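*Asks:* Here it is: the structure, laid out below.
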Amino acid sequence: MAKLTIARETCKGCGLCADVCPRHLLELSKEINAKGYHPIAITDQGQCIGCAFCARMCPDAVITVEK
Amino acid sequence: MAIVYEKTKVLTDTPLHYCPGCTHGIIHRLVAEAIDELGIQDRTVGIAPVGCAVFAYNYFNCDMMEAAHGRAPAVATGCKRVNPNNIVFTYQGDGDLASIGAAEITHAATRGENITVIFVNNAIYGMTGGQMAPTTLPGQVTTTSPYGRDPALCGYPIRVSEMLATLDGPAYISRVSVHDVKHILDAKKCIKKAFETQIAGKGFSMVEVLSSCPTNWGMTPREALNWLEANMIPRYPLGVKKEVG
Amino acid sequence: MGQKMLMKGNEAIAEAAIQAGCRFFFGYPITPQNQIPEYMSKRLPKIEGGCFLQAESEVAAINMVYGAAGAGARVMTSSSSPGISLKQEGISYIVGAELPCVIVNMVRGGPGLGSIQPAQSDYYQSTRGGGHGDYRMLVLAPSSVQEAVELTQLAFDLADKYRNPVLVMGDGLIGQMMEPVEMPDYHKDESLPEKTWAATGWKEGCGRDRAVINSLYIDPSVLEKHVNHLYEKYAVMESAECRWQEEMTDDADYVIVAYGTTARIARSAMRKLREEGIKAGLIRPITLWPFPNAPIARAAEHAKAFLTVEMSMGQMVDDVRLAVDGKKPVHFFGRTGGIVPTVREIITQVENLAKEGK
């Protein structure tokens, strides 16, 4: 059981985290944030293994991972 | 639940101004995490460059100085000589370090100046709009090499790490990349090693980090990292170039 | 005061700096100031915490000064004209970041590589800023080795007081000549504030804000505010730091204005002219910026004319004209190329003015 917290307002929607997620659980939201980006979102929190690949890839340090 | 990963306190809360997918943010994080893990935040002074990382002083949560273009190693020298107990690092791009600042980096290295240099090589001038850099690859299109870099006209890219590794002064030089998680973990180890080299008083340490510039390369963030892996690594081989025991 | 010693100007300046607590020197060789770095290279390593470093260039040297000043140290560099040109970028950044330091320029002939002989042709560069942007430096111009010592020490206090670089502007003669000199017992101005702004290592709760030594203000309104702040400091300097020497100006018909080496020659000429019955006087600016407008304006009330003498084609003369403000004629005599004006030449200039009734 792991938990991802995404700082949506500082996410720039680059999608690099989605590319490295081994479970393919991350995708860009349809909504936009205050900066005009589509922030990343987790599709199925229950499937997350807490590997933190996404957080380590993120250029904007928007992802916190708990396990 | 325990924290597996969270943003280090050695980065401020100021949102990074970098373009989406720019690897400067990853490298900032690695440097800040190394400072955090080594417990040296309270004695670290960072020197920011001119270029995309010009605002680094807003992001690193430690004392900072902003240097003129290329002069960060000279500024770091003055700072370190005054307070040798400070851990002093520069954070410089390829235009800053390898072009206008070629003299300052070379002499700081050969003096064995006990500082740590984080050299971000993305083969282009980012901040000014994608002009040719000293590290631009042959054939690479930039706004000042619109037909591709022609070595007959403007020579070849500089392999800074290999060049500086020929000097007697440096204690640790390595080249890393941040195009995937494995390489990011390796980069972190090397950056930490560079700071440890300084803490041990061994002398000059530098980590060259291959980095991307999706905006000025005209690619998506993922395409840019793929291009980095396919084109930059063959020209700029990764690995430790010098290490003094 | 210590005992009297015979010292070369350059060496005396270096020793004076050390006495004033300067422990860091970064420089690059260039004639005619080499005795300053040479002296520092001998002395500083023998003093605890002292460091002399020969930089790879003047550009690097001034940026090492930036780093050392930013770390809170008393620091100095020295050079001569072409080298000072190279330092201008760094000086502009030092001003922008409000860092204190002392810079010595032993001026030589220009433009270009010019010569290695004494000159005063860097006056514009020194008093108008020199590098890019709106700024000023305090410029101190000694006319003897003793005065060079005193002004060098004063320069460190003024730099710290205003968080602005201070330029000690000599010329090849001041640097190279030997004169008897007494090293004053230096006492640091105790009213100088602590350098709580220096980058020395920080963490949350350490009692001060995180230090950011910086000259970049990307928001136009913020930069304008910053430049206005600099100019508020300059206004204080103009009212508090203007220094000059006047001799026999009260009744003078002809007032000679000269600084540095040239002022020594002008003084001899002025005295000879008095012996001849021509009422000459001398105003010697000690600070070139801020410029001593007041005594010149005062003298313009009664003098017949002014003669500005410089080792240049006429640079300070512009400031004399501004101070005289059209009230009286301002004449100029200068030698250049590294040639020092003679007493006889200056006398002839004033004699001709008196003859023509100008």
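*Asks:* Quote the convex hull volume per residue of chain C, based on C-alpha atoms, as a whole number of Å³.
*Replies:* Taking only Cα atoms, chain C has a hull volume of 144 Å³ per residue.
*Asks:* Collect residues whose amide H, placed 1.01 Å from N in the peptide plane, falls under 5 Å from the amide H of B:Ala48; neighbours closer than 5 in sequence don't count.
*Replies:* For B:Ala48, whose amide H was placed from the backbone, the distant partners under 5 Å are B:Met65, B:Glu66, B:Ala67.
*Asks:* Shifting gears a bit: Using a simple charge model, +1 on the beta-carbon of Lys and Arg, -1 on the beta-carbon of Asp and Glu, nothing else, what dipole does the protein assembly as shown show about its Cα centre, in debye to the nearest 20? Walk me through the numbers on the way to the answer.
*Replies:* Details: 66 positive and 72 negative charges, 159 e Å.
Around 760 debye, computed over the protein assembly as shown.
*Asks:* Now, a different point. Please report, for the Cα atoms of the stretch B:14-101, the Rg to one decimal and the Dmax as a whole number; what are they, in angstrom?
*Replies:* Every Cα atom of the stretch B:14-101 included, Rg and Dmax give 12.6, 39 Å.
*Asks:* Kindly put C:Met76, C:Met178, C:Met64 in sequence by how many other C-beta atoms sit within 10 Å of each C-beta, fewest to most.
*Replies:* Going from sparsest to densest Cβ surroundings: C:Met178, C:Met76, C:Met64.
*Asks:* For C:His302 and C:Thr196, FRET efficiency with R0 = 41 Å and r from the beta-carbon atoms, rounded to 0.05?
*Replies:* Values: r = 50 Å, r/R0 = 1.22.
FRET efficiency, C:Thr196 to C:His302: 0.25.
*Asks:* For B:Asp96, C:Asp160, what ranking results if the residue with the fewest other Cβ atoms within 10 Å of its Cβ goes first?
*Replies:* C:Asp160, B:Asp96
*Asks:* Right, next: Treat every Asp and Glu Cβ in the stretch C:27-180 as -1 and every Lys and Arg Cβ as +1, leave all other atoms uncharged, and give the resulting dipole magnitude about the Cα centre to the nearest 20 debye.
*Replies:* 100
*Asks:* Pick from B:Lys193, B:Lys80, B:Lys182: which residue has the top mean-square fluctuation in a GNM of chain B where Cα pairs under 10 Å get a spring?
*Replies:* Its mean-square fluctuation being the largest, the pick is B:Lys182.
*Asks:* Whole-Hz ³J(HN,Hα) for each residue in the stretch B:4-18, computed from phi via Karplus 6.51 cos²θ - 1.76 cosθ + 1.60 with θ = phi - 60°, x for glycine and proline: what do you get?
*Replies:* Once rounded to whole Hz, the list reads 8, 8, 8, 4, 5, 6, 7, 9, 6, 7, 5, x, 5, 8, 5.
*Asks:* Once both labels are modelled 7 Å past Cα along the beta-carbon direction, what's the B:Thr144-B:Asp13 spacing in nm?
*Replies:* Here the modelled spin labels are 4.0 nm apart.
*Asks:* Just counting partner chain Cβ atoms within 10 Å, what average do the residues of peptide B:9-16 show around their Cβ?
*Replies:* 3
*Asks:* Right, something else. What are the extents of the Cα atoms of the protein assembly as shown along their three principal axes, listed from largest to smallest and rounded to whole Å?
*Replies:* Its Cα atoms span 105, 55, 49 Å along the three principal axes.
*Asks:* Mind checking the dipole of chain A: about its Cα centre, +1 per Lys or Arg Cβ, -1 per Asp or Glu Cβ, Debye to the nearest 20?
*Replies:* Here the size comes out at about 80 debye.
*Asks:* Per 5 Å bin, what is the whole-percent P(r) computed from every C-alpha pair distance within the stretch C:204-270?
*Replies:* 3, 11, 12, 11, 10, 11, 9, 8, 8, 8, 5, 3, 1, 0
*Asks:* Of the chymotrypsin sites (Phe, Trp or Tyr not before Pro) in the stretch C:179-274, which ones lie in a loop per DSSP and count no more than 14 other C-beta atoms within 10 Å?
*Replies:* C:Tyr217
*Asks:* Quick one: check the C-alpha center-to-center distance for the stretch C:162-222 versus the stretch B:14-43, whole angstrom.
*Replies:* 31
*Asks:* List the residues, sorted by chain then number, that are 5 or more residues from C:Gly72 or on another chain and whose placed amide H is less than 5 Å from its amide H.
*Replies:* Those qualifying (amide H under 5 Å, at least 5 residues apart or on another chain) are C:Ala199.
*Asks:* From the phi angles alone, apply the Karplus equation (6.51, -1.76, 1.60; θ = phi - 60°) to the stretch C:152-164 and give each ³J(HN,Hα) in whole Hz, x where the residue is Gly or Pro.
*Replies:* Per-residue couplings from phi come out as 4, 5, 4, 4, 5, 5, 5, 4, 5, 4, 9, 6, 8 Hz.
*Asks:* Enter the per residue convex hull volume of the stretch C:1-80, computed from alpha-carbon coordinates, in Å³ rounded to the nearest integer.
*Replies:* Once divided by residue count, the hull of the stretch C:1-80 is 90 Å³.
*Asks:* To the nearest 10 degrees, how steeply does helix C:9-19 sit against the main Cα axis of chain C, on a 0 to 90 scale?
*Replies:* Helix C:9-19 and the main axis of chain C meet at about 40 degrees.
*Asks:* Using only the Cα atoms of the stretch C:298-355, build the gyration tensor, take square roots of its eigenvalues as a ≥ b ≥ c, and label the shape rounded, prolate or oblate: rounded if a/c is under 1.5, else prolate if a/b is larger than b/c, else oblate.
*Replies:* Cα axes put the stretch C:298-355 in the oblate bin.
*Asks:* Pick from C:Lys87, C:Lys272, C:Lys42 the residue whose mean-square fluctuation is largest in a GNM of chain C, springs joining Cα atoms under 10 Å.
*Replies:* Highest fluctuation of the listed residues: C:Lys42.
*Asks:* Give me, ordered by chain and number, the residues 5 or more places off C:Leu307 or on other chains with an amide H under 5 Å from its own placed amide H.
*Replies:* C:Val255, C:Ile256, C:Val257, C:His331
*Asks:* How compact is the stretch C:4-182 by the rule of thumb for globular proteins, expressed as Cα Rg over 2.2 N^0.38 Å?
*Replies:* In units of the globular-protein estimate, the stretch C:4-182 measures up at 0.91.
*Asks:* Still on this structure: Pick from B:Ser212, B:Ser99, B:Ser161: which residue has the top mean-square fluctuation in a GNM of chain B where Cα pairs under 10 Å get a spring?
*Replies:* Answer for the Gaussian network model of chain B: B:Ser99.
*Asks:* What ³J(HN,Hα) values, in whole Hz, does the Karplus curve 6.51 cos²θ - 1.76 cosθ + 1.60 give for the stretch C:59-64 when θ = phi - 60°, with x put for Gly and Pro?
*Replies:* So the J values, rounded to whole Hz, are 4, 5, 4, 5, 6, 5.
*Asks:* Another one. Could you line up C:Ile218, C:Ile339, B:Ile26 from fewest to most neighbouring Cβ atoms inside 10 Å?
*Replies:* In increasing order of surrounding Cβ atoms, one gets C:Ile218, C:Ile339, B:Ile26.
*Asks:* Need one word for the stretch C:245-355: rounded, prolate or oblate. Basis is the Cα gyration tensor (sqrt eigenvalues a ≥ b ≥ c); a/c below 1.5 gives rounded, then a/b vs b/c decides.
*Replies:* Values: a/c = 1.45, a/b = 1.03, b/c = 1.41.
Rounded, since a/c falls under 1.5.
*Asks:* Related question: Of the options B:Ala68, B:Leu137, B:Tyr57, report the single residue whose Cα projects farthest towards the positive end of the charge dipole of the stretch B:24-243 (beta-carbon charges: Lys, Arg +1; Asp, Glu -1).
*Replies:* B:Leu137
*Asks:* A further question on this structure: When Cβ neighbours within 10 Å are restricted to other protein chains, what is their mean count per residue of peptide C:53-59?
*Replies:* Partner Cβ neighbours, averaged per residue: 5.
*Asks:* Run the quick spin-label model on C:Ala294 and A:Gln45: label points 7 Å from Cα toward the beta carbon, then report their separation in nm to one decimal.
*Replies:* 7.4
*Asks:* Follow-up question, since we're still on this one. Once both labels are modelled 7 Å past Cα along the beta-carbon direction, what's the C:Leu322-C:Asp134 spacing in nm?
*Replies:* Here the modelled spin labels are 1.5 nm apart.
*Asks:* May I pose another question? Go ahead and estimate [θ] at 222 nm for chain C from helices alone: -39,500 (n - 2.57) per DSSP H run with n ≥ 4, summed, over the residue count, rounded to 500.
*Replies:* It lands at -12500 deg cm²/dmol.
*Asks:* To continue, here is another question. Report the Cα-based extents of the stretch A:3-66 along its three principal axes, largest first, to the nearest Å.
*Replies:* Principal-axis extents of the stretch A:3-66 (Cα, largest first): 30, 20, 19 Å.
*Asks:* Here's a follow-up. Along each principal axis of its Cα atoms, how long is chain B end to end? Whole angstroms, biggest number first, please.
*Replies:* 49, 48, 31
*Asks:* Then there is this: Kindly provide the Kirkwood hydrodynamic radius of the stretch B:1-147 in Å, to one decimal, from all pairs of distinct alpha carbon atoms.
*Replies:* Details: mean 1/r = 0.0627 Å⁻¹.
Result for the stretch B:1-147, one decimal place: 16.0 Å.
*Asks:* R0 = 41 Å: FRET efficiency of C:Arg271 with C:Asp189, Cβ-based, nearest 0.05?
*Replies:* 0.70
No value in this document is a laboratory result; all are computed from the given coordinates. Keep in mind the model is a prediction, meaning the values are calculated, not measured. Backbone-built Cβ (ideal geometry, glycine too); neighbour counts: all protein chains shown.
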